[in-house]
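J.: Below: one structure in structure tokens.
The values are calculated or read from the model by the stated rules, or taken from the named source; none is laboratory data. For clarity, every value in this text was computed on a predicted model and none was experimentally measured. FYI the Cβ positions are ideal-geometry reconstructions off the backbone, even for glycines, and counts take in every protein chain you see.
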Amino acid sequence: MTDNERAEIVLDSVSKRYPGQKDPAVDAISLTIAAGEITVFVGPSGCGKTTTMRMINRLIEPSAGTITIAGRDITRMNPDRLRRGIGYSIQQAGLFPHLTVARNIATVPGLLGWDRKRIAARVDEMLALVGLDPDTFRGRYPRQLSGGQQQRVGVARALAADPPVLLMDEPFGAVDPITRGLLQDELLRLQSELHKTIVFVTHDFNEAVKLGDRIAVLGNRSRILQYDTPAAILADPADDTVAGFVGAGAALKQLTLVHVADIGLTDCPTARESDSVDTLRAALAEQDWGLILDDQGRPLRWIAKPQLSQATSLHEIGLPVTGTVPLRATLQRALETLLAESNANAVVTGSHGEYLGLITIDTLVTQLSELRAEHTGPATASEPHP
Ligand code: ADP
Ligand code: MG
């Protein structure tokens, strides 16, 4: 298991019956988890997600069935060796409270017998990778970190020995929504560089849509209700249970799958704050409103034509732009921004905060109908599901 590209995981009729339980917790699940992708298990609490995941690194032994990773049957492997090749990250980070951040991250490299210099370098590299300053954090104890920082250290520890496979069990479940969003963004950034085979468990369908290349929607006893791309599940839930789980606003959730950079922006008239009122008046010949920018081209205020009539300068007039969206943002985020603006437009900015264009409600409506057409198509949209 050294080659990321081949670390495909195959579960074949895998079951788990806990001692003394009448029903199995996991009943004959079969699925192939593609190498180098993020596969999300999503389903209600108690449906068997954790049990299924922990059988992959043999923290739980299957009662029946086989699991292979990169073609090798894991039941024939030494469990300790197996686990050193699989990063594991859980809610509350699961850090050892009595060990420093550095020693937490060094756990698996230490077990693998790396020398001290290599381990120290790796600890610093991992801290930087997850966005924590090594000098500040390597000597701290877990209790001296915020919840979000602990989760970052948890991810750093899981990645320290560069395992081809990463199992993540509701890793961001215990942090506040804003931090969770940032950690999700970080994970996607990391994955775009690392291309690990990641199995990610969550009960939050929105998180599944944001992170998953593929999503397995699980029902009781880990029965697979649907296994497909987020776009396909949102566009066409397999049955009423999945539809219920996808929840209201499935169409709108498709907006999380498209980024601002992927679509065409609308332009509007602009002037710099230091320009004359006449300059803006000329720019507004064809349209009733526009934007005043600062001298670096960053958006400041919306301006409507009538507000110009009495104005002597562009410094004090107009209504403030309340929020902007960067190119890397999703259309979901653009929608939220747009709804907060008085004129229902979202201002898109570049890497220096400069004005690039607008997203309008029309753009979003067009995108949604294109997404629907792409994933259902007129021929299959009305057919019943098998
Ligand atoms: P999830 O992660 O989806 O919430 P789990 O895999 O933790 O679900 O649990 C699946 C089912 O197995 C639940 O009904 C749970 O009560 C049961 N279960 C989990 N762990 C054990 C255990 N060690 N012994 C007995 N039953 C268990
Ligand atoms: Mg669980």
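J.: Which members of segment 20-34 meet the condition of being small (Gly, Ala, Ser) and over 18 Å from Ala216 (Cβ atoms)?
T.: Gly20
J.: Going through Gly65, Gly85, Gly46 one at a time, which residue ends up being away from ligand 2 (no atom under 16 Å from the Cβ), at pLDDT below 95 and not charged (D, E, K, R)?
T.: Result: Gly85 is the single residue among Gly65, Gly85, Gly46 that is away from ligand 2 (no atom under 16 Å from the Cβ), at pLDDT below 95 and not charged (D, E, K, R).
J.: Hey, another quick one. Could you please find all residues in segment 186-217 being within 16 Å of ligand 2 (Cβ to nearest atom) and of a type in the set (S, T, N, Q)?
T.: Passing the criteria: only Thr202.
J.: Now a separate question. Name the pairs whose Cβ atoms lie under 7 Å apart, with the first residue in segment 218-229 and among the aliphatic types (A, V, I, L, M), the second modelled with pLDDT under 95 and more than 13 Å from ligand 1 (Cβ to nearest atom), and 6 or more positions between them or separate chains?
T.: Leu225/Ala238; Leu225/Asp239; Leu225/Thr241; Leu225/Val242
J.: Same structure, new question: Confirm whether Ala243 is among the hydrophobic types (A, V, I, L, M, F, W, C) and either within 19 Å of the chain's Cα centre (by Cα) or assigned to a loop (DSSP other than H, G, I, E, B) (or both).
T.: no
J.: Right, next: Counting only residues that are over 23 Å from Ser351 (Cβ atoms) and part of a strand (DSSP E or B), how many does segment 303-323 have?
T.: Initial filter on segment 303-323 (over 23 Å from Ser351 (Cβ atoms)): 303-319.
When the remaining residues are screened for being part of a strand (DSSP E or B), the result is 303-304, 319.
Adding up the residues that qualify gives 3.
J.: Return the total of residues in segment 269-294 being more than 25 Å from Gly323 (Cα to Cα) and part of a loop (DSSP other than H, G, I, E, B).
T.: 3
J.: Would you mention how many residues in segment 55-73 are part of a helix (DSSP H, G or I) and in contact with a Phe, Trp or Tyr (Cβ under 9 Å, 6 or more places away or on another chain)?
T.: Count: 0.
J.: Another question about this same structure. Could you list, in sequence order, the residues of segment 60-94 that are more than 16 Å from ligand 1 (Cβ to nearest atom), buried (at least 21 other Cβ atoms within 10 Å of the Cβ) and farther than 22 Å from Glu37 by Cβ?
T.: If the condition is that a residue be more than 16 Å from ligand 1 (Cβ to nearest atom), buried (at least 21 other Cβ atoms within 10 Å of the Cβ) and farther than 22 Å from Glu37 by Cβ, then Ala93 is the only one that fits.
J.: Do you know which of the residues in segment 133-151 that are at pLDDT 90 or above and under 19 Å from the mean Cα position of the chain (by Cα) is nearest to Arg72 (Cα to Cα)?
T.: Checked segment 133-151; the qualifying residue nearest to Arg72 (Cα to Cα) is Gln150.
J.: Oh, and also: Could you say whether any residue in segment 196-213 is under 13 Å from the mean Cα position of the chain (by Cα), in a loop (DSSP other than H, G, I, E, B), within 16 Å of ligand 1 (Cβ to nearest atom) and at pLDDT below 90?
T.: Within segment 196-213 (the criterion being under 13 Å from the mean Cα position of the chain (by Cα), in a loop (DSSP other than H, G, I, E, B), within 16 Å of ligand 1 (Cβ to nearest atom) and at pLDDT below 90), the answer is no, since none of the residues qualifies.
J.: Inside segment 24-52, can you point out the residues that are of a type in the set (Gly, Ala, Ser) and part of a strand (DSSP E or B)?
T.: Once the filter is applied, which keeps residues that are of a type in the set (Gly, Ala, Ser) and part of a strand (DSSP E or B), segment 24-52 yields Ala28, Ser30.
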